[in-house]
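Below: the structure, in C-alpha cells.
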Amino acid sequence: MKPIYLIIILVVVLAAAGGMFWFANQGQGPQEVHITNFDECVAAGYPVQESYPAKCTIPDGKTFTQDIGNELEKQDLIRITNPRPNQEIRSPLLITGQARGNWFFEASFPVKLLDERGNTLVTGIAQAQGEWMTTEFVPFQAHIEFDKPAGKKGTLILEKDNPSGLPEQADELRVPVVFGEVSSQEMITVQAYFNNSQMDPEFSCNKVFSVNRQIPKTQATARAALEELLKGTTNKEQEQGFFSSLNSNIKIQQLNIANGVARVDFDEQLQFQVGGSCRVAAIRAQITQTLKQFSTVQNVVISINGRTEDILQP
C-alpha cells in the first residue's frame, strides 16, 4: 500500500474519533460545582458579604444566606449571648442570654438540643438570674451535658414556657449550632463545692458538698476549679439536690497562692444583691472548700476589688 493511502486512512480514523468525541459531549459545557446552600458556596471559595446574616454569591448572581435560625425575628423577646448562631459547641455547654419576663414561668423555661435529623439529644431548664415578674429583659442561664452525635450540625431551642399548653401561646428561639470534635487533650478531675438540699435538708448554710468536674490538664488547677464553681450546677447535679448560692457572671480578677494562703479577688458581682448571714456563709464556704481541696491551701482570703473588710455583709 502506498504511503499516501496510509496517511489518508490515518486522517480518516482520527477525524472519526474526533467526531465521536464531539457527538458524545455535544451540548455539554464545562462541568461546574452545583451549589445549593451557603456552606457549599463558602467552601467553593465564592465571595462572602460582610453582613448579618452573611451572604455568599456565585458567578451567575445567585445569593445564598447563612442560616442563623430565627434570631432576628425574636430579638425583641429573647436574645442569646452564648452560644451564638453557628458557633461550635462541646459538652458541658453553658447557655446565657436574656429574655423578657413573660418568656419565663416560675423563673424558668425549657431548652433542648437537637441533632441534624431533629432527634432530641438533651433537655434542660434555663433559670432567670433576676426578678422575672416584669416585661423587661431578664438574664438567664442553663447548663446542659450531651454526647456528641454522628452529625456535624444541630439546633438549640429555647422555648417560651407555656403552662397553658395552648398553641397560640407557644414560641421558641431556634439557634443553629455546630458540634465540635472531642479533644484528645489529657483531662484531670477537680472538685467544686455546692449546697445540697437532699444531703442537708435543714440547710445549715456553711455545709457544702463536692461534685467532680473533668477539665483539660492545666498548671492553673486552682483557678480552673474556681471557674467550674462559678459555672454553677448542671441539670444532672440539680436533680441530685445540688444548688449554688453564688451569683452568675462573677469574674475572678486575681488568684495567688503562697505560704498556704490562697488570696482570691472577685468583681462586685460576687456580692450583688446578696443579703442574709446564711447566704453569705454559704458563699464563703463554697469558695473556701473549692480552694482547700488542694494541699497547698490551708487558708483562703476573699476580696472584692482588693477590699476584704467591707464585703459580703449579712
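Here is how the numbers come out for the structure above:
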item	result
Boolean, Phe242 is within 25 Å of Glu131 (Cα to Cα) and not assigned by TED's automatic domain parsing to the domain that holds Phe146	yes
Which numbered condition Val297 misses (of (1) in a loop (DSSP other than H, G, I, E, B); (2) exposed (fewer than 13 other Cβ atoms within 10 Å of the Cβ); (3) not basic (Lys, Arg))	(2)
Test: residue in the stretch 198-218 that is among the basic types (Lys, Arg) and more than 27 Å from the chain's Cα centre (by Cα)	yes
Flag if Asp147 is under 23 Å from Asp76 (Cα atoms), assigned to a loop (DSSP other than H, G, I, E, B) and in contact (Cβ under 8 Å) with a residue 12 or more places away in the chain	no
Qualifying residue in the stretch 281-288 (condition: in contact with a strand residue (DSSP E or B) (Cβ under 8 Å, 6 or more places away or on another chain), among the β-branched types (Val, Ile, Thr) and surrounded by 16 or more Cβ atoms within 10 Å (Cβ to Cβ))	yes
Residue list for the stretch 81-120, restricted to those being assigned to a strand (DSSP E or B), in contact with a Lys or Arg (Cβ under 8 Å, 6 or more places away or on another chain) and hydrophobic (A, V, I, L, M, F, W, C)	Leu94, Ala99, Phe109
Check on Glu168, of a type in the set (Asp, Glu) and not assigned by TED's automatic domain parsing to the domain that holds Arg79	no
Count - residues of the stretch 29-78 that are in a loop (DSSP other than H, G, I, E, B) and of a type in the set (Lys, Arg)	1
Close pairs from the stretch 115-140: first at negative phi and touching a residue at least 12 places away in the same chain (Cβ under 8 Å), partner part of a loop (DSSP other than H, G, I, E, B) and among the hydrophobic types (A, V, I, L, M, F, W, C), Cβ under 6 Å, at least 6 apart	Leu121/Phe146; Val122/Phe146; Ala128/Phe104; Ala128/Ala107; Trp132/Phe104; Trp132/Ala107; Val138/Trp132
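The values are calculated or read from the model by the stated rules, or taken from the named source; none is laboratory data. Since we're looking at a predicted model, the values are computed, not measured. Because the Cβ atoms are built from the backbone with ideal geometry, glycine has one as well, and the counts that use them run over all protein chains shown.
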